[in-house]
Amino acid sequence: MTPANPQLLRSLGRLARGLSALFWGLPAWLIVSVETAKVELLRPLGITPALALNLLLLFGLWQMGSFQQQERPWRNALDRAKLLGLVNLGLCPFLFWFSRMPEQFFFRAAIFTLVLSALVFLFNLNVVLKQLGAMLPDETLRQETRQFTALNSWFIVAWIAAVAIATYLSDSGILSAHFSTKFVFWFQHAQTAILLFLGLAPLAITMALIWKSKEVILDSVFGERN
């Protein structure tokens with residue numbers, strides 16, 4: 001049997017560690033960011049947890065960078081994700097400042113920019129996973145990454161459109177002017193449920209793709225040795 005390439009094994013190990021960091025870091029960053037903006041549970045810690053989790057995501061991306069460095073589409077997708085991760089890192093202190101002074105327009109604009117940057121980061125992370133799936137020796141994973149990354153793109157576009165419509169209806173006062181209070185109450189609850197679904201669905205699908213990619217990598221390393 002041909003001996004394993006030590007350099008390839010090291011790059012696969014770093015790739016698996018990077019995927020693990022992304023898998024655990026994505027949902028934790030979302031939860032901590034919301035709590036930081038609300039300043040409830042994490043008030044004593046300030047902005048430290050959000051910064052730490054942003055750094056965890058960047059660490060995961062940098063770990064993945066040692067794999068197949070000669071593949072230009074893979075490198076380009078990874079570099080874009082790193083750049084957006086740095087943008088998120090730079091904007092995350094505004095979560096804490098916004099919670100202290102929510103009436104400040106500048107802080108509100110920064111939070112809006114952070115939300116858009118996070119969405120684009122998630123989109124580019126799906127591109128990274130699609131490029132990774134194309135390089136790994138698993139046809140099922142390759143097909144799943146193509147299909148689900150395309151589905152995630154539509155989820156993200158639908159979420160942005162739903163937020164725009166919800167903001168327009170709220171600011172214009174159309175609902176309160178033409179419908180009863182009870183209807184407005186139930187409509188707002190349904191609207192919240194739709195936004196949560198459209199926002200959390202791509203995150204859940206991305207985490208599933210990350211986990212599946214990691215399993216394929218581990219199987220390719222340890223399975224060949226059995």
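The values are calculated or read from the model by the stated rules, or taken from the named source; none is laboratory data. None of the values given here were measured: they were computed from a predicted structure. Glycine gets a Cβ as well: all are built from the backbone with ideal geometry, and neighbour counts include every protein chain shown.
Scanning the range 133-144 for residues that are of a type in the set (Gly, Ala, Ser), in a helix (DSSP H, G or I) and modelled with pLDDT of 80 or more turns up at least one hit.
Just one of 209, 122, 151 is in contact with a Pro (Cβ under 9 Å, 6 or more places away or on another chain), over 22 Å from residue 86 (Cα atoms) and at pLDDT 85 or above; which is it?
Matching residue, one of 209, 122, 151: 151.
When each of 121, 107 is tested for being surrounded by 14 or more Cβ atoms within 10 Å (Cβ to Cβ) and either of a type in the set (D, E, K, R) or touching a Phe, Trp or Tyr at 6+ places or on another chain (Cβ under 6 Å) (or both), the lone residue that passes is 107. Out of 60, 13, one residue alone is touching a Gly at 6+ places or on another chain (Cβ under 9 Å) and modelled with pLDDT of 80 or more. It is 60. Within the range 42-85, which residues are outside any helix (DSSP H, G or I) and hydroxyl-bearing (Ser, Thr, Tyr)? If the condition is that a residue be outside any helix (DSSP H, G or I) and hydroxyl-bearing (Ser, Thr, Tyr), then 66 is the only one that fits.
Checked against the criteria, residue 112 does not count as farther than 22 Å from residue 216 by Cα, buried (at least 16 other Cβ atoms within 10 Å of the Cβ) and modelled with pLDDT under 90. Is it the case that residue 63 is out of contact with any Leu (no Cβ under 6 Å at 6 or more places or on another chain), more than 19 Å from residue 123 (Cα to Cα) and loosely packed, with under 15 Cβ neighbours inside 10 Å? No.
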